[in-house]
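Step one of this worksheet: look at the structure below.
Throughout, read-outs are computed from the coordinates displayed, never taken from laboratory work. It should be emphasised that the depicted structure is a prediction, and the values quoted were computed from it without experimental measurement. As a convention, Cβ positions derive from the backbone with ideal geometry for all residues, glycine included, and neighbour counts pool all protein chains shown.
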Amino acid sequence: MLTSSVQNLLLSSRQYTPSIKRKYRINSLEEYESKWKESVENPEAFWSKEAKKHMSWAKDFHTVFSQGKSSFEWFLGGELNLSYNCLDRHLERKSEKIALIWEDEKGNSKKFTFSELHKEVCQMASVLKSFYLKPKDVVTIYLSTSPELVISMLACARIGVVHNVVFAGFSPESLGARIKASSSKLVITSDGFYRREKFIPLKATVDEAFQKYSLKSSVLVFDRKAEKISLKTGRDFLVSDFPSMKLEDESLDFFSSEHPLFLMYTSGSTGVPKGLLHTSAGYLLGALLTSYYLFNLTDEDLFWCTADIGWITGHSYIVYGPLSLGTSIFLYEGGLQTPDPGRLWRLIEKYKITKLHTAPTAIRLCRQAGDKWVKKYDLSSLELLGSVGESINQKTWEWYFDVVGGGQCPILDTWWQTETGSTMLSAFPGLAPFKPGCASRPFFGVLPKVVGSSGHPLLNTKGSLILEHPVPSMARTIYQDHARYEKEYWPEGFLNYKTGDAALQDEDGEIWIHGRTDDVINVSGHRLSTMEIESFLSANELIAEASCVSIEDSLTGQALCCFVILRESTCEKNAEGIKSLISNYISSSLGSFAKPKKIFLLKSLPKTRSGKILRRTLRTLAEGKKPEGDLSTLEDATIFESIL
C-alpha cells in the first residue's frame, strides 16, 4: 500500500479545466467511453474500420488479426507503402502545403512543401537503389534531427529497406555494436552538427566504429559543409555525387502489412540493448490514430515534438504520425537552452507552433530557469501541450499548465514504450478536467489492468501494469532473439503484455504510473517506489528535481540515497543545512524508516538525450564507484567526476 502522504500527493484532488473550449474529435466522456468499449469488445472490427478509413492500401487485407503459438500478425493480405502514406497521397490536395520546417542551433533554417519533400525522398530512394539493397536489408542511419534524417527514413520505407536509426550521441562502440548486430548493409551519416555550441563529428565517429569492429558496410555521407570529410575509397560515398540526385525516380513498390519497417535498440533492465522490430501497417495505424484522436492534428497545425528522432517518440510523433495525416512538422537541431533558457519559447513565438510535445525533463529545466524566460515571448499560438518519456510530477504539471499554457491548453500526459510503438495511456483533450501527473485513460483498443502478485485486479492499490491482448502498433520481436521477447513481455503467451511498470488505478478508472517495478526500495520491510519518493521531493519548493536509488545497509537491508537538484534561488545556501532539511522533510512526512542514508546535491542528473535517468549509474555512484560500460547515451558524462 502507498503511504497516505505520498498517495495524497500523487492522486491530486485538484483538477484542471482549460479556459478555452475547442472542438476535438472526441468531445465528451460519453463519446470516449462508447468508442473505447466498441474497440475492446470487438477489436477486429474496430481496427479494420480505422485502418480502411485512415490509411491508403494498394491491396486490401483479408484477415485483421492472427495469433500463433509464438507470434501475432495484423492485417494479413494487405499491401501498402509507408512513404506513399506519408507523402504521395497528399500531393493532390497539399502539394504546396508546408510539410517540414527546420532550424538549427545557429539559426539556419529550411522549409519543404509536401511536393519538395516527396521529390527529395524519391531522389534518395534512387541513391539507395544504387547500393543494390533488397527489401528487408537493414540500413543504419546515424544523423542528427534534420531533414536529411526524415528523408532517409522515408526513402528506406519507400523501397522496403529496414531503417535502424541510431541516436547521434552514441559513441563509436555503441554505434559499431548496433551496425554489427543489425547486419547493416549501408550506413548513412553526415560530417556532423552543432549541439549546445559544440560540434558533434558524426562521420569521424563512424570511421572509428568501423575500425573498432572491422565493419564492411558501405557509408553514404551528406556533406553539410561543417567540416572537411575524409572519404575511404571504395567504402565511402557522398550523396551529392550520385547523378540520380538530379533526377526524380517516382517508381514505387508495395509491401505486405507485416513487412519489417524499422529496428529500434533500447536499454534493457540488464543493460544489454535489445533491437525491437516494428512492422509496417500496425505500427503506422497506431502512430496515425494517436496523432489524430489525442493530438487532434489538422491541416492548420504546426506540430513540434522536441524528441530526438533517434528514439521511438521521434519516429512516431515527428515522422510517421503527423506526416501520414498531412500535418506540418517542426524540427529543431540543437540544445533547447542554447544560448539561453528562452530558446524553446522563442522558437514557438517565431514559427507560431500550435502544439508542443516535450519531455518532463525539459519542462523541469525550464521551470528551474524561471518564469521570466517564458513570459518574454508570445505563446498565444499554443493550443495543446504534451508530455512524454517519463512520469511528470504534480508541481511540474501545474507549472506547465499555468505558466506555459496560460491555463488555456489541455495537457496530454502520455504513457507508452518503445515496445508498444504508440501511446497507450493519455488524457484526451476534449475530456477535461485533467488530473496533474495522471496517465489517465487507455487509448482505443487498449485494455490495461493493475494486478497484484497473484494476478488479481487491484483498485487504489499499487500493482503491476499489464495490457490485455496485442494491439497493432506493438513490436513483433527482439531482433534475432525471439525467445527473450516472449519471456520478457509475454510470459503467459499472447494474453497479457507485461509492461514492467508499476501503476495504480483510481475510482474513476484512471491510471497513475509509479515507475518501474524493479525501482523499489525495501527499507526495514517497508517497500517504497522511487517514483513515489521523487514526486514527494519534487513537491518541495527547495527542489527542482530528484532521483532516488537503493544502497545496501547492514542494519536495514537497503537504505535510501537521494540525488537532488535545487531550485536556482536555493543553490547558494549552506549545503549541509539543505541536506539536513531534506532529510527531516522525508523522515517527518514518510516516517523515520525512510530517512536517507546519503544525499547528493547536484547541478544535473545522468540522463540520456531522451530524458531517461540512468539509475544503474546512480547506484554505482552511491557506492562511491565510477560507472563502467557504455555511457555514450548520456547528455553530459562529466557530472560523474563532480559527484565522486
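Here is how the numbers come out for the structure above:
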quantity	calculated
For H90, H259, H54, order by how many other beta-carbon atoms lie within 10 Å, fewest first	H54, H259, H90
Axial C-alpha extent at least 20 Å, average Kyte-Doolittle at least -1.0 - helices from the chain (DSSP)	114-129, 575-590
Cβ charges +1 (Lys, Arg) and -1 (Asp, Glu), total dipole of the range 168-217, debye	160
Sequence of L186, L91 once ranked by neighbouring C-beta atoms within 10 Å, starting from the fewest	L91, L186
FRET efficiency, 1/(1 + (r/R0)^6) with R0 22 Å, evaluated for E197 and R235 via beta carbons	0.10
Which of L459, L336, L252 has the fewest Cβ neighbours within 10 Å, and the rest in rising order	L459, L252, L336
Simple label model, 7 Å out from Cα along Cβ direction - S19 to S587, nm	4.5
Options L336, Y32, V520, ranked by Cα towards positive dipole end of the chain, top entry (Cβ charges)	L336
For the range 157-215 and the range 352-382, distance of Cα centres in Å	32
Difference of contour (0.36 nm per residue) and Cα-Cα distance, D378 to A432	17.0 nm
Net lengthening on full extension, A204/E44 (0.36 nm per residue, minus Cα-Cα)	52.7 nm
Inter-site label distance for D371 and K35 at 7 Å from Cα along Cβ, in nm	3.6
Rounded to the nearest 20 debye, dipole of the chain from Cβ charges on Lys, Arg, Asp, Glu	740
Paired Rg and Dmax values of the range 102-228, which use every Cα atom, in angstrom	14.3, 41
Exceeding the 25 Å Cα-Cα cut-off - candidates K111/K350; K203/K352; K97/K119; K232/K612	K203/K352; K232/K612
Per-pair calculated FRET efficiency, R0 = 25 Å: Q211 and Y132 via Cβ, rounded to 0.05	0.50
Charge tally in the Cβ shell below 12 Å around F330, where Lys, Arg are +1 and Asp, Glu are -1, F330 excluded	+2
Cα gyration tensor, the range 444-525 - rounded (a/c under 1.5), prolate or oblate	oblate
Exceeding the 20 Å Cα-Cα cut-off - candidates K23/K94; K212/K625; K35/K69; K435/K462; K274/K498	K23/K94; K212/K625; K35/K69
Placed amide H near K97: partners under 5 Å, 5+ positions off or other chain	F114, S115
Mean separation of Cα contacts under 8 Å (6+ apart) over length of the range 430-531, as relative contact order %	26
Straight-distance crosslink candidates among aspartates and glutamates, where the alpha carbon sits under 15 Å from K49 and sequence neighbours closer than 8 are dropped	E38, E41, D60
FRET efficiency for L91 and D481, using Cβ-Cβ distance with R0 set to 41 Å, rounded to 0.05	0.50
